[in-house]
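S.K.: Once you've had a glance at the structure underneath, I'll fire off some questions.
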Amino acid sequence: MNKPLINIQNLSVGYESQKVLENVSVTIHPNDFIGVIGPNGGGKTTLIKSILGLLPAWQGTVEMHIDKSEIGYLPQFNPFDKQFPITVEQVVLSGLFGRKRLFKRYRERDKSHAECLMARAGVIDLKDKAVGELSGGQMQRTLLCRALINKPKLLILDEPSTFVDSKFEGELFEWLCELNSEIAILMVSHDIGTISSHIKTIACVNKTLHYHQSNKISAEQLLHYNCPIQIITHGEVPHQVLASHKH
Amino acid sequence: MDIFTGIFAYKFINHALIAALLSSIICGVLGTYIVSKRMVFISGGITHASFGGIGIAFYFGLNPFLGAAVFAFLSALGIEYISKKGNIRNDSSIGILWSLGMAIGIIFIYLTPGFTPNLMSYLFGSILTVSSGELIFMGVLAILIISFFFIFYKPILFVAFDENFAKTQNAPVKLINFSLMALIALGIVINIRVAGIILVMSLLTLPQNTANLFSNNFKTIIIYSILISFVGVMAGLGGSFWLGIPSGASIIFTLALIFFAAKVGNFIFLKNKRKQK
């Protein structure tokens, strides 16, 4: 087995007095492609925030074997101010922050790398546009470029398909599979059905975490783990399960 | 006698001119940040809270600016601290410090024996009486702000746009926010001399919003804001001479006129453009 990138041990974390995650343990290895699923409010985003060091752990540890800046992060769309005066290209280049010293100028190489990514994501024609002029999907693609420009070792995606149209969704997963040959990917999604053929393993998060060492969600597994999610798969076992964990 | 008044007039017009230029630079840069980050009301809170410092300084016979600066800075920190730790809504904590500062100011000015000179100039501004010492302070602050934004342009922009992402990239988010808060507090206090406590907020918002009609680029908005602000301040000053009205109010009124004219112009322009398509 490869040396792990991140090792989470018995992590409990929450906001103010409310505990959101309890006793979560999971290890992320290079070349992993983990789908994180679970109900809204189950703690998917909280898990990501703890990995990114945005939330202090109450108990347990998040052991990092890579630098925080080696994680590419695509946040959910909503927290942005659409009127902020910043261009698409500036947003993409801001992903280099972790590498560059604070006041270093960009080099030609950085700019051409950014253009390469923007071309692939289909936002190159928008490069001088302000973010306020973008649609949700275009914004998401821009943020994906920002997450990738630093050549991360781990890519974390929080609901990447929320705003992306179905045409780009196909391209996106193709791109992710390509990337996955070199980097680990952790992807939060509420509908695992559409992605289950791309991901390798599944982490089911609802206050605690259950790790499934395969991308096949069998009826048996669901029965066993009682994952309280709505799953629509294209396989032999189409089902919707809406129960909660019993602990 | 004629020569004396001539020189005197020349000198004070000169002072006002330099003050207008420096104030436009300070407010143009800080205001663009404040408007982009939606901190207009935080700035309003800081401005009004600083009145408490002015009152206390009057009472103890200290320099009112020192008092205002200390209060402005403490309230800037206080708003953030109260909202985060005290579990009070951000706009509520702004409101609390806003009125508390004003109340402290009024109490101490009332207790100060005798007549308090210049009180009106703090409330409504008086660009024509800005002293050489204040001009030097403004100049130093303008240079400080320009260099800070020039050197740290990218981090300032990225932290303001997406603080969480900046944190994941190991950016010194707290240090940048703290430095900017300190600069904003100082910038506001020195501009109280120009526009007054009640009106200084418009110097930080009107030119920037006018500039924002023509550009969506942070840097360009800064440059346009400085130009618009300088033109507005000079025109407002001219209007105040001509009509014999207070300079602070005249300046803000002019800036508002520019904004509305630009807004209407922009609206007609966009409508025509849409028609052509």
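The values are calculated or read from the model by the stated rules, or taken from the named source; none is laboratory data. Given the structure is predicted, the values throughout are model-derived calculations rather than measurements. Note: ideal-geometry Cβ built from the backbone for every residue, glycine included; neighbour counts use all protein chains shown.
S.K.: If a residue must be in a helix (DSSP H, G or I) and either at the interface with chain A (Cβ under 7 Å from one of its Cβ atoms) or within 20 Å of B:THR32 (Cα to Cα) (or both), how many such residues does the stretch B:127-159 contain?
M.R.: 21
S.K.: To continue, here is another question. When the stretch A:134-156 is examined, which residues are found to be at pLDDT 90 or above and not charged (D, E, K, R)?
M.R.: Passing the criteria: A:THR142, A:LEU143, A:LEU144, A:CYS145, A:ALA147, A:LEU148, A:ILE149, A:PRO152, A:LEU154, A:LEU155, A:ILE156.
S.K.: Quick one: would you say A:GLU169 is modelled with pLDDT under 85, at positive phi and in the same structural domain as A:HIS29 (by TED's automatic domain parsing)?
M.R.: Answer is no for this residue.
S.K.: Something else now. Determine if the stretch B:228-246 includes at least one residue that is touching a Cys at 6+ places or on another chain (Cβ under 6 Å) and not small (Gly, Ala, Ser).
M.R.: Looking through the stretch B:228-246, none of the residues is touching a Cys at 6+ places or on another chain (Cβ under 6 Å) and not small (Gly, Ala, Ser).
S.K.: Residues in the stretch A:113-128: is at least one of a type in the set (D, E, K, R) and touching a strand residue (DSSP E or B) at 6+ places or on another chain (Cβ under 9 Å)?
M.R.: Yes, the stretch A:113-128 has at least one match.
S.K.: Mind listing just one residue for me: the one in the stretch A:14-29 that is within 19 Å of A:ALA184 (Cα to Cα) and of a type outside the set (S, T, N, Q) and, of those, surrounded by the fewest Cβ atoms within 10 Å (Cβ to Cβ)?
M.R.: A:HIS29
S.K.: Still on this structure, I have one more. For A:SER161, all conditions in the list (1) part of a loop (DSSP other than H, G, I, E, B); (2) modelled with pLDDT of 85 or more; (3) closer than 20 Å to A:VAL88 by Cα hold save one; what is the number of the exception?
M.R.: Every listed condition holds for A:SER161 apart from (2).
S.K.: If I ask for residues that are more than 11 Å from chain B (Cβ to nearest Cβ) and either among the aliphatic types (A, V, I, L, M) or part of a helix (DSSP H, G or I) (or both), which ones from the stretch A:46-87 would you list?
M.R.: Within the stretch A:46-87, A:THR46, A:LEU47, A:SER50, A:ALA57, A:VAL62, A:MET64, A:ILE66 meet the criteria.
S.K.: So, one more: Would you be able to tell me the number of residues in the stretch A:42-74 that are more than 24 Å from A:CYS145 (Cα to Cα) and free of Cβ contacts under 8 Å to residues at least 60 places away in the same chain?
M.R.: 9
S.K.: Can you find even one residue in the stretch A:143-154 that is under 17 Å from the mean Cα position of the chain (by Cα), within 24 Å of A:THR87 (Cα to Cα) and either among the aromatic types (Phe, Trp, Tyr) or more than 14 Å from chain B (Cβ to nearest Cβ) (or both)?
M.R.: no
S.K.: Among the helices (runs of 4 or more DSSP H) confined wholly to the stretch B:160-256, which include 2 or more residues that are without any contact (Cβ under 8 Å) to a residue 12 or more places away in the chain?
M.R.: B:163-168, B:173-195, B:218-243
S.K.: Right, another one. Name the single residue, out of those in the stretch A:1-39 being outside any strand (DSSP E or B) and modelled with pLDDT under 85, that is nearest to the chain's Cα centre (by Cα).
M.R.: Among them, the one singled out is A:GLY38.
S.K.: Against the condition at pLDDT below 90, more than 21 Å from B:LEU255 (Cα to Cα) and surrounded by fewer than 17 Cβ atoms within 10 Å (Cβ to Cβ), how does B:GLY78 come out, does it pass?
M.R.: For B:GLY78, the condition - at pLDDT below 90, more than 21 Å from B:LEU255 (Cα to Cα) and surrounded by fewer than 17 Cβ atoms within 10 Å (Cβ to Cβ) - is not met.
S.K.: Conditions: (1) surrounded by fewer than 21 Cβ atoms within 10 Å (Cβ to Cβ); (2) over 19 Å from A:LEU154 (Cβ atoms); (3) in the same structural domain as A:THR142 (by TED's automatic domain parsing). A:ILE86 meets all but one. Number of the miss?
M.R.: (1)
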